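Step one of this worksheet: look at the structure below.
The values are calculated or read from the model by the stated rules, or taken from the named source; none is laboratory data. These numbers come from a predicted model, not from an experiment. Every residue, glycine as well, gets a Cβ built from its backbone with ideal geometry; the counts of neighbours run over all protein chains shown. Accessible surface areas use protein heavy atoms only, side chains included; no ligands, DNA or RNA. Shrake-Rupley method; radii C 1.70, N 1.55, O 1.52, S 1.80 Å.
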Amino acid sequence: MRLMEPLGVDVKAVELQSLKRWTDFPSRPSPIGDLADSAHYTVSPFPCQPSLNNKIAIWTGDVTLLQVDAIVNPTSETMDDNSPLCQRILARAGPDLKKEIYNEVKECRTGEVKTTQGHDLPARFIIHTVGPVYNTKYQSAAESTLHCCYRNVLQKARELGLRSIGLPVINSVRRNYPAEAGAHIALRTLRRFLEQYSESMGCVVLALEPGDLGIYEVLLSLYFPRTLAEEENACYQLPPDIGGMDGEPQLPDRQIRIIDNPQHALHGDETVEITAHLETSVNLGEHAFTQMQGDLDRQRLLGERPTADPIADIMLKEMQHKERYERLLRRAKMEDLTEVSGIGCLYQSGVDRHGRPVVVFLGKWFPANNLNLDKALLYLIQLMDPIVKGDYVIAYFHTMTVSNNYPSLHWLKEVYNVLPYKYKKNLKQFYIIHPTFWTKMMTWWFTTFMAPAIKQKVHSLPGVEYLYEVMSPDQLEIPAYITEYDMTINGLRYYQPEHYSSGAST
């Protein structure tokens with residue numbers, strides 16, 4: 001392949017100088033005091049380095065408009081993935097790109113990279129790579145492959161002497177890869193690469209979709225802290241596994257020495273303790289199931305304390321939660337809850353495109369500091385109990401919400417624990433519209449440490465427009481203040497006034 005400069009630059013091209021660097025984004029406090037029990041690290045493995053932070057830019061527009069040395073195309077093995085991003089790159093690069101792929105590149109295997117000219121794009125080159133399909137049975141393989149994608153892209157840019165690169169998210173939800181897990185691998189791989197080869201790269205533009213922006217805004221402060229406070233926070237927020245020297249996943253089983261001859265004895269320092277490496281291993285001798293327990297009735301009569309049974313404890317707690325919920329449901333059906341229902345902050349509004357009921361919650365109308373939260377919980381149960389018997393979605397509008405509307409984290413945790421399994425199981429999507437940075441941070445913390453069962457179902461959306469992909473506008477009933485606010489930040493282009501009412505009903 002002959003490498004050459006583009007013949008011309010698109011007039012719509014976005015220059016690097018116009019992009020906001022990570023160092024320009026405001027640093028905000030983290031709610032560690034409320035949520036963290038202990039730190040995973042005494043010193044952050046990713047110390048604050050302003051020179052590295054300044055090499056990161058964030059772009060939420062069209063990656064094909066970036067005037068950079070190369071953009072990355074997450075594609076399929078046949079180089080013609082039907083994702084919107086890949087199709088947009090193929091279309092805007094022009095027919096010569098397809099000819100080059102057909103005549104010279106032909107295919108790209110998963111985890112590998114192939115390079116083509118940028119053709120009609122403002123970018124000089126396109127680096128194509130194929131992300132993995134995610135399956136929990138082969139999680140380690142998917143993680144290693146995704147790391148290879150990011151590492152190979154960066155190494156290829158270095159080999160070609162490229163100074164700037166537009167890097168979209170390679171892991172795809174369409175291939176079942178969890179968004180946050182992919183972001184951790186991407187950022188730690190990028191961090192380790194820049195630590196080793198910072199002189200060879202001038203700017204990495206993270207080209208993010210609106211749904212990924214919230215995740216990256218939160219996680220960037222862990223891998224690229226801008227202040228000592230963020231560096232300290234990272235000790236609490238970083239996962240225990242941060243990969244190896246290049247950010248690659250560490251596989252415990254790879255650290256076990258394989259002996260060809262079973263009769264061969266290990267000598268001296270060759271002795272290997274594998275229990276520490278196998279997190280999933282169980283020492284049967286210490287497990288409750290293998291310990292002999294005497295007659296429990298006799299132990300009680302003699303005043304002895306029976307040996308703890310973890311399975312029984314779990315079953316007991318589940319029964320207690322169920323009984324508590326049933327009591328609350330009976331109260332919800334009997335008590336007068338007009339004090340809460342009259343506020344109009346929680347109601348069902350039509351169905352989505354799959355026919356699933358949509359529950360709307362308006363943050364601005366929730367008077368957390370002036371409301372009986374016990375009755376609020378009862379009203380929530382009264383409204384939701386019949387809905388959660390089947391699949392449903394929630395649309396939470398954070399529009400113009402202020403601190404007086406925020407309930408305590410303790411109360412949120414209590415509510416989450418009280419609600420039975422069907423609430424979590426049948427919730428298919430949880431949309432947060434008009435989130436702030438603080439909302440994204442709190443959402444990430446809450447779903448990571450308190451509500452992991454719904455983590456992959458939560459999506460932050462910058463505007464009402466994005467809801468229309470999942471539900472028809474005539475099914476969405478929201479107050480006028482939301483549409484007015486949305487028009488001020490996102491424009492008028494997608495509004496059809498007949499689809500909206502001036503207020504929300506309960």
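Simple point charges give the picture: +1 on the Cβ of Lys and Arg, -1 on the Cβ of Asp and Glu, and for segment 143-198 a dipole about the Cα centre of about 100 debye. With protein chains left intact and a 1.4 Å probe, residues in segment 355-432 average 43 Å² of accessible area per residue.
On a per residue basis, segment 9-158 carries 48 Å² of accessible surface, using protein heavy atoms and a 1.4 Å probe.
Residues in segment 355-364 carry Karplus couplings, in order, of x, 8, x, 10, 9, 9, 10, 9, x, 5 Hz; the curve used is 6.51 cos²θ - 1.76 cosθ + 1.60 with θ = phi - 60°, and Gly or Pro positions show x.
Taking Lys and Arg as +1 and Asp and Glu as -1, the other residues whose beta-carbon sits under 12 Å from that of V393 total +2.
Remark: the Q196-R327 segment gains 41.2 nm on full extension, using 0.36 nm per residue and subtracting the alpha carbon distance.
Net charge of the neighbourhood of C148, taken over other residues with C-beta under 11 Å away and scored Lys/Arg +1, Asp/Glu -1, is -2. Once all protein chains are placed together, W438 keeps about 80 Å² accessible to a 1.4 angstrom probe.
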